[in-house]
Amino acid sequence: MMSGAISSSACPEHTATMPPRTNIQPLLERLRQAHPDARYELNWSSPYELLVATILAAQCTDERVNRVTATLFQKYRGPQAFAEANTTELEEDLRPTGFYKQKAKSVQAMSRELLAKFGGEVPHTIEQLITLPGVARKTANVVLNTAFNIPSGVIVDTHVLRVSQRLGLTKHEKPEEIERDLMKLVPQDQWTFFGPAVVLHGRYTCTARKPRCEECPLNDLCPKIGV
């Protein structure tokens, strides 16, 4: 297992502004009780498959991506197969995920670069991962946190963005700034748990339109900002 140390070049730039909440432990304990085995819900059997699935999950539900990848990963086995695939055919295979032309382009460009730069092996550092086409911090964190258990940062998707604001963990809107706040609050050895746990909490309890506050294990700890 590689070290989870974070370099300044990979981490969002720090500022002097601290988020309003400073005692994160009660939240972590409640989240651990509610989601003891929290995991990112994309299906994968290799770090590369997780990387592809995460790219496909943009503007698409994990459930739909999992339906697509169930056959996709049988048809295209590894980066070489994706890199050499007929683009039109790949686009059709990805059509159910939406934005399929751009996603096909991103997956093929990423696969070709992965082969050229890293011999087809998914790198273990965020600095290397974000050099790949279509791979930004969120995608890189998903892969490193989930496939390698490396605390490279905190996953910030739409669920984490919404929940962290409602909990008063951040006042920011941009994912990079929200991640910076969460990295200050959450102990580094909890990052690989915290991101997936908050994703699940946002997906099933603290939903966008009708949050289930009365059933929420964080109800008494939450200031319900914006609810």
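Read the figures in this text as sums done on the coordinates, not as results from a lab. Everything numeric in this text was worked out from a predicted model, so none of it was measured. Cβ placement follows ideal geometry from the backbone for every residue including glycine, while neighbour counts extend to all protein chains displayed.
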Seminar exercise, completed: 1/(1 + (r/R0)^6) with r = Cβ-Cβ of ASP220 and LYS117, R0 = 45 Å, i.e. FRET efficiency to nearest 0.05, evaluates to 0.35
Exercise. Separation of the stretch 87-101 and the stretch 114-190 by C-alpha centroid, Å?
Worked result: 26
Seminar exercise, completed: Out of LYS105, LYS117, LYS174, a Gaussian network model of the chain with alpha-carbon springs under 10 Å gives the largest mean-square fluctuation to LYS174
Exercise. Leaving out same-chain residues fewer than 8 places away, which lysines sit with a Cα under 25 Å from that of LYS101?
Worked result: LYS75, LYS117, LYS138
For this session: On each of the three principal axes of the Cα atoms of the stretch 47-147, give max minus min coordinate, whole Å, ordered largest first.
Result: 32, 26, 21
Exercise. So, how do all the Cα-to-Cα distances of the chain break down into 5 Å bins, in percent, from 0 on up?
Worked result: 1, 7, 14, 18, 18, 15, 12, 8, 4, 2, 0
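Where does each of 177-187, 77-87, 150-160, 50-60 land if you order them by average Cβ count within 10 Å, highest first? Write down the numbers at each step before the final one.
Working: 177-187: 20.3, 77-87: 15.6, 150-160: 24.1, 50-60: 22.3.
Highest mean packing first, the order is 150-160, 50-60, 177-187, 77-87.
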